[in-house]
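These notes concern the structure reproduced below.
The values are calculated or read from the model by the stated rules, or taken from the named source; none is laboratory data. Because the structure is a prediction, the values reported are computed rather than measured. Here the Cβ positions follow ideal geometry from the backbone for every residue, glycine too, while neighbour counts run over all protein chains shown.
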């Protein structure tokens, strides 16, 4: 049985770099054919973008700009993708059809094209030990966001059967695991921990489960070791709804190996300037996806390039993994929370003068509390704010009413005070 997904993983680094750079001019041209990048890359000679330096000279398009363009276009009754997608549906005037469209917090809309393993997650699942013929219990969300589809299409590319568990319904999912006996789990690591805790409570055993591909949140060593003690080896994947898989963990457990279908740069936060290898900066991704041709997309995530190659024999570059956010956007229980969402919560409640969302605890066991400045709080305001938090962010949060002027005047809307193991 091969230990590699395909021959691309063991290419000579020079061959890989040459192939990726050779594909750049056509991808830049595809991007310029979209309404958004026609403006962002106006005046750029696509044929001249054939090197890392030429790529680094192009502007970085960050998630906040993508969101702003999408919102502006939607408010004008135009393209909900903000002019970034090359696929859509007939009433948008699109020549090529998207198979699905998803909504991520913001909201940001992402298309899914018809390519096999569109999000390229098969590679991450394979590195986690998933093989053809396995049953994969997929507990990523199938609702609104693309995470469930990311894993399912990757598992199908390998040749697996998938149980679409989705999120929540812990006892029903535990029952399915016990009765169907999947070999692999895909989802957040914290939910797998919750499933095992429920199994202990009910006296249920899950001996078939031996592999896990986890993502959507940090995977601290303590949780990794706790899963291993139960016979499950878990490996991280790192991707976004915008660009798909970016990097994945291998059995070496030494950082994350970059995916073969993206060009990744680490840049100084707030700029487009690449930093030296080893220095922490923002992860910027150029995807070779013709359906959603994002050029120098700033993820807002922090990481750094690791020196040397992966001990498994994979020759692509490695990054240290997720090291935090370059902006105030935070990820809570697998979902992004944006400063714009905090502003929307305040907008819906005129009694609130200012607010700050404080995220505390540890990754995989985090909680968030909205600190709201209110001069005179109606009795039902706390409950109403809690309902709005869930409506806007799709997450539960507590509410704390504070006196006007008590929040620091430092421009901070989201305070991520979690402890990172």
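Overview of values
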item	result
Members of segment 334-363 found to be part of a loop (DSSP other than H, G, I, E, B) and modelled with pLDDT of 85 or more, listed by number	348, 349, 350, 351
Residue within segment 365-386 that is out of contact with any strand residue (DSSP E or B) (no Cβ under 8 Å at 6 or more places or on another chain), outside any strand (DSSP E or B) and closer than 30 Å to residue 195 by Cβ present	no
Condition met for residue 244 (closer than 30 Å to residue 55 by Cβ and at pLDDT below 95)	no
Qualifying residue in segment 238-250 (condition: in contact (Cβ under 8 Å) with a residue 40 or more places away in the chain, within 23 Å of residue 136 (Cβ to Cβ), surrounded by 21 or more Cβ atoms within 10 Å (Cβ to Cβ) and over 16 Å from the mean Cα position of the chain (by Cα))	yes
Of residues in segment 214-224 being over 14 Å from the mean Cα position of the chain (by Cα) and outside any loop (DSSP other than H, G, I, E, B), the one surrounded by the fewest Cβ atoms within 10 Å (Cβ to Cβ)	221
Close pairs from segment 263-274: first closer than 12 Å to residue 297 by Cα, partner part of a loop (DSSP other than H, G, I, E, B), Cβ under 6 Å, at least 6 apart	266/275; 267/273; 272/60
Within segment 49-65, tally of residues that are within 18 Å of residue 293 (Cβ to Cβ), modelled with pLDDT under 95 and in a helix (DSSP H, G or I)	2
Selection status of residue 228, without any contact (Cβ under 8 Å) to a residue 24 or more places away in the chain, in a loop (DSSP other than H, G, I, E, B) and within 27 Å of residue 194 (Cβ to Cβ)	no
In segment 5-48, the residues that are outside any helix (DSSP H, G or I) and surrounded by fewer than 15 Cβ atoms within 10 Å (Cβ to Cβ)	6, 12, 33, 42, 43, 45
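Here is a yes/no grid of residues against (1) surrounded by fewer than 20 Cβ atoms within 10 Å (Cβ to Cβ); (2) over 30 Å from residue 94 (Cα atoms); (3) in contact with a strand residue (DSSP E or B) (Cβ under 6 Å, 6 or more places away or on another chain); (4) free of Cβ contacts under 8 Å to residues at least 12 places away in the same chain:
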position	(1), (2), (3), (4)
116	yes, no, no, no
136	no, yes, yes, no
146	no, no, yes, no
151	no, no, yes, no
171	yes, yes, no, no
197	yes, yes, no, yes
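Conditions (1) on the phi < 0 side of the Ramachandran plot; (2) crowded, with 16+ Cβ neighbours inside 10 Å; (3) at pLDDT 95 or above, marked per residue:
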position: 95; (1), (2), (3): yes, no, no
position: 98; (1), (2), (3): yes, yes, yes
position: 101; (1), (2), (3): yes, yes, yes
position: 106; (1), (2), (3): no, yes, no
position: 110; (1), (2), (3): yes, yes, yes
position: 122; (1), (2), (3): yes, yes, yes
position: 125; (1), (2), (3): yes, yes, yes
